Amino acid sequence: MTVKKRFALVLALLLSGGILLFAGMAFAEDPVYGGVLRWREINDPPKLDPAMATDTVSSRNLYLMYDMLVENDPDGQGLLPRLAESWEAEEGIVFTFHLRPGVHFHKESLGEPTLNGGREVTAADWKYSFERLVKVTSPRAYFIDMVKGYQDFVDGKTEEWEGIKVIDDYTLQFELTYPFAPFVSVLAYNSFMVVPKEDAEHWGKDFNFHPVGTGPFIMQEWQHDQKTVYKKNPEYWRKDAAGNALPYLDGVEIIVIPDNTVAYEEFKKGNIDCFPDFPDEYYLTAKKEFGELLQERPWMGTYYYGFNCLKEPFKDNKKLRQALNYAVDRVRINDLVLEGRYFPGKGVLPPGMFAYNENLKGYSFDPEKAKALMAEAGFPDGFTAQLNVNNNPRHKAVAEAIQAQLMELGIKLNINVLDWGVHLDIAERAETEMFRMGWVVDYADPDNFLYVLLDSENWGPKGNYAHYKNPEVDALLGEARVETDPAKRVELYQRAEEIIVDDAPWIFLFHYTTSLLAQDWIKNIHLPAMGDYSTPLYNVWTTKK
Amino acid sequence: MVLPHTISLPFFLENFRGKRLFFGGVAMFAYIIRRLLYTIPVLWGVVTVVFILMAVVPGDPARLMMGQRGDPQTLEKIRADLGLDLPLHQQYLRFLKDILRGDFGKSYRNNEEVTTAIFDRLGATFRLAAWAMVLATMVGVLAGIVSAVKQYSVFDYSAMFIAISGVSAPVFWVGLLLLLVFAYGFNLVPGVGYGDGSWRYLILPVITLGVRPAALIARLTRSCMLEVLNQDYVRTARAKGLSEKVVVGRHALKNAMIPVVTIVGTQISLLLSGAVLTETIFAWPGIGRLAVEALVARDFPMIRGTVISMALIFLIVNIVVDISYGLIDPRVRYD
């Protein structure tokens, strides 16, 4: 064999090897049908009726079984069609949704045929589902109280919700009483899912235990405090890019394991496939052991300490509130207490949120400035204040670190660790001087943060626990709510946030991250910006059988 | 031995005094009836105390149902739906009326029937507690007897050292240790959960739950046996030439058992009323976890239901324990 021939042979071998290797890689990444994904949760889902759920565990389950009109883009940067193929808005008042044809309700639930028989979803079902929210006193119906006729319908003065109109089988229209820019964003929230009238009416309040939707999975079994078991919906409407039916998985099991240590051991043993909201105590170990399998990304949420603006010493004392903002070393606390998992906060809006201001000045750690401001505020030698924190090891650790830092300036914080219900009660009645609170996004719009948490219309249980009031901020937020030009909205929200940060009704502490540890045999699983519990599973597959 | 809770049932005793209608006689029957009647005011007391506590403890269930943010109008509507807007005395009367009808209501948290939820979880808890108690009693009594008979031996020292460790070791620590070694280390048993109900899922939680009562029973059996073994009648038995087996088994053990039965009874009640930590570590779907979750959510109907059922279990077990005294010690009278 000549040198030339030998070279050609080697080249051919290398090429064919390369082709085989790439083919193999491509094959390994091709979707595979079958298998069951086991997802860990910390407790049993309290509510499987979308109208009634307000917690993340319930939401995780709901996303498997139900669909909304629209959904959030995985990066939280916009909205995508879901059961609405498209929509248009007229002056921010009238919103018309064009529905996707060929979407069917589940034919069965918990092994029994459903009463709807697997019929197609039409606009009338959407109208029913929205009206049902009011009829069953959904805790989230008021999210869309701007839809015309809400109050009359709530008060029982009308038979139907005037502002929701069925134009034809595939066209649904909402009319609002005032322009509300984030309206479509709100509809991506998991209360606004379609349910079949036949089943919902038949079961009444027990619909919670007989859920029927249009989602990729059908409920097969609910073993309370153990697991919820789902099987694939063979008539699910979504297809993959190649036109193949979805979901790939045969089923999903949401397994309840209350203890984090045990859950992590179960994961290592391969007994669970997905471990969401990964705990701090095993974070570094897991990062080392599992590398990129532990996904983490900024979550649209803010962690803060509110000052009671109605009570001394923080009432009418902006300088004192600013002093405390300068006195806290967020970076150090994040590194030492939170394993560096959060993002030190400069303001209210989290990174990634529409109108997030990268140039916002915020407060850096500056004890000298804090001392000077305290003297100007009339507390040169410090003071004593009560800080209420809800019972959670992470919150307690952060509170103790802040307590130690403030002690350097003579500020004595008395930490009061409370049960969540008690904590909320006290905060909303403005009975403590300082309180811990966090907020994660319901709908991806600054309105959900700035208006809800800091507009004076929302004092107390409606979200503004600091009881902060600044008429200028109220005016800007009110204007931004009805403004439909995105550029103008950015301007209004950024201006409002600058004033809020200067007024310092909170110590702006951190922005959350969301996390998910998944086994290497679980493919195409992507953590969304809206939180681990909304991770889509309809396009995920497993290579382990 | 004079037992507490003696009330007379004149008519019944007048007619049947001294007649042995069944094992234990008329007196025992009357005693059981008396004790059962006693449970009524006790349960009423429990119900009332729980109701008052729930009314005064801060934390509004309607508020918790709404989450962190809620509008006052919806909040009021939810409170009205749950009957929380009624004056307290009306809520109390309604609650008593429902209980008398055997209706504990529906959970605020998930709308589940309280009685169904309790019965669902009670089976799992009962299974766990019963086996834990069998294990604890067998190991505890046996270790206690051998330790007493072989006082100051290596066995005695070792058993009592283990018993002290067992009493002191926190349940969550024992549970995690067992899991790490036997489930995740050697793969001998499955990890957590109820599984398909197989006995293999029971092994570790039963041991975890049984360690503490076993240690208590062992220590108590030992001290009771030591006391009894020094009594004159035991010396007499030995002097009569009876074998050590008969002396210990028939004469000493029976007399040493009364305090042990008491502690076994108390432990059964405690285990049945919810082994919260064990159930949490092993993801066991029992009544303890149900009660804790209800408490966190201020799920009043579920809290009342679980507390009343726990109180009922406690009372029934106590009655059974008191009755068993008479079976062990014939000197015990029920009148």
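The values are calculated or read from the model by the stated rules, or taken from the named source; none is laboratory data. All values derive from a computational prediction rather than experimental measurement. Reconstructed Cβ throughout: ideal geometry from the backbone, glycine too, with neighbour counts over all protein chains shown.
Worth pointing out:
- The stretch A:254-268: number of residues that are farther than 16 Å from residue B:172 by Cβ and in contact with a Phe, Trp or Tyr (Cβ under 6 Å, 6 or more places away or on another chain): 2
- Criterion (under 26 Å from residue A:247 (Cα atoms) and either surrounded by fewer than 17 Cβ atoms within 10 Å (Cβ to Cβ) or under 21 Å from the mean Cα position of the chain (by Cα) (or both)) met by exactly one of A:192, A:183: A:192
- Restricting the stretch B:113-133 to residues that are touching a residue at least 40 places away in the same chain (Cβ under 8 Å) and within 12 Å of another protein chain (Cβ to nearest Cβ) leaves a set whose member that is nearest to the chain's Cα centre (by Cα) is B:125.
- Some residue of the stretch A:486-505 being in a helix (DSSP H, G or I) and within 14 Å of another protein chain (Cβ to nearest Cβ): no
- Screening residue B:26 against (1) modelled with pLDDT of 80 or more; (2) in contact with a helix residue (DSSP H, G or I) (Cβ under 8 Å, 6 or more places away or on another chain); (3) in a helix (DSSP H, G or I); (4) surrounded by 14 or more Cβ atoms within 10 Å (Cβ to Cβ) leaves a single unmet condition, (1).
- Among (1) facing chain B (nearest Cβ under 8 Å); (2) at pLDDT below 90; (3) not in a helix (DSSP H, G or I), the one test that residue A:443 misses: (1)
- Residue match in the stretch A:185-196 (condition: farther than 21 Å from residue B:67 by Cβ and outside any loop (DSSP other than H, G, I, E, B)): no
- With respect to the conditions (1) surrounded by 19 or more Cβ atoms within 10 Å (Cβ to Cβ); (2) assigned to a loop (DSSP other than H, G, I, E, B), residue A:143 lacks only one, and its number is (2).
- Members of the stretch A:222-263 that are outside any loop (DSSP other than H, G, I, E, B) and facing chain B (nearest Cβ under 10 Å): A:223, A:227, A:255, A:256, A:261, A:262, A:263
- Of the criteria (1) farther than 30 Å from residue A:430 by Cα; (2) in contact (Cβ under 8 Å) with a residue 40 or more places away in the chain, which one residue A:508 fails: (1)
- First in the stretch A:415-431 and facing another protein chain (nearest Cβ under 7 Å), second anywhere and of a type in the set (Asp, Glu) and buried (at least 18 other Cβ atoms within 10 Å of the Cβ), Cβ under 9 Å, 6 or more apart: A:421/B:60; A:424/B:60; A:425/B:60
- Among the residues of the stretch B:160-201, those identified as surrounded by fewer than 20 Cβ atoms within 10 Å (Cβ to Cβ) and in a loop (DSSP other than H, G, I, E, B) are B:169, B:170, B:186, B:187, B:188, B:189, B:190, B:195, B:196, B:197, B:198.
- Residue in the stretch A:59-68 that is at pLDDT 95 or above and assigned to a loop (DSSP other than H, G, I, E, B) present: yes
- The residues on offer are B:266, B:236, B:278, and the sole one that is within 14 Å of chain A (Cβ to nearest Cβ) and either in a helix (DSSP H, G or I) or more than 23 Å from the chain's Cα centre (by Cα) (or both) is B:278.
- Those residues of the stretch B:83-95 which are surrounded by 15 or more Cβ atoms within 10 Å (Cβ to Cβ) and either facing chain A (nearest Cβ under 10 Å) or not in a helix (DSSP H, G or I) (or both), in sequence order: B:84
- Scanning the stretch A:69-100 for residues that are closer than 16 Å to residue A:164 by Cα and aliphatic (A, V, I, L, M) returns A:69, A:84, A:89, A:93, A:94, A:99.
- Failed item, numbered, when residue A:272 is tested on (1) surrounded by fewer than 21 Cβ atoms within 10 Å (Cβ to Cβ); (2) touching a strand residue (DSSP E or B) at 6+ places or on another chain (Cβ under 9 Å); (3) within 12 Å of chain B (Cβ to nearest Cβ): (1)
- Flag for residue B:258 being in contact (Cβ under 8 Å) with a residue 40 or more places away in the chain, surrounded by fewer than 20 Cβ atoms within 10 Å (Cβ to Cβ) and more than 21 Å from residue B:172 (Cβ to Cβ): yes
- Every condition in (1) more than 15 Å from residue B:131 (Cβ to Cβ); (2) surrounded by fewer than 21 Cβ atoms within 10 Å (Cβ to Cβ) holds for residue B:215 except the one numbered (2).
- Being acidic (Asp, Glu) and at pLDDT 95 or above is a property that residue A:199 has.
- Residues in the stretch B:49-74 that are without any contact (Cβ under 8 Å) to a residue 12 or more places away in the chain and either assigned to a helix (DSSP H, G or I) or more than 14 Å from chain A (Cβ to nearest Cβ) (or both): B:49, B:52, B:53, B:56, B:72, B:73, B:74.
- Scanning the stretch B:166-209 for residues that are β-branched (Val, Ile, Thr) and modelled with pLDDT under 90 yields a count of 4.
- Odd one out for residue B:98, checked against (1) without any contact (Cβ under 8 Å) to a residue 40 or more places away in the chain; (2) within 13 Å of another protein chain (Cβ to nearest Cβ); (3) surrounded by fewer than 21 Cβ atoms within 10 Å (Cβ to Cβ); (4) assigned to a helix (DSSP H, G or I): (2)
- Within the stretch A:32-88, the residues that satisfy the criterion of being more than 14 Å from every other protein chain (Cβ to nearest Cβ), among the β-branched types (Val, Ile, Thr) and either touching a Cys at 6+ places or on another chain (Cβ under 9 Å) or more than 24 Å from residue A:131 (Cβ to Cβ) (or both) are A:32, A:36.
- A count restricted to the stretch A:359-374 and to residues that are touching a helix residue (DSSP H, G or I) at 6+ places or on another chain (Cβ under 7 Å) and assigned to a helix (DSSP H, G or I) stands at 5.
- Test: residue in the stretch A:448-461 that is at pLDDT 90 or above, under 30 Å from residue A:351 (Cα atoms) and part of a loop (DSSP other than H, G, I, E, B): yes
- Residue ID - farthest from residue B:68 (Cα to Cα), chosen from residues in the stretch A:456-467 that are surrounded by fewer than 24 Cβ atoms within 10 Å (Cβ to Cβ) and more than 12 Å from every other protein chain (Cβ to nearest Cβ): A:456
For (1) within 30 Å of residue A:480 (Cα to Cα); (2) in contact with a Phe, Trp or Tyr (Cβ under 7 Å, 6 or more places away or on another chain); (3) crowded, with 21+ Cβ neighbours inside 10 Å, each residue gets a yes or a no:
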| site | (1), (2), (3) |
| --- | --- |
| A:335 | no, no, no |
| A:361 | yes, no, no |
| A:370 | no, yes, yes |
| A:400 | no, no, no |
| A:424 | yes, no, yes |
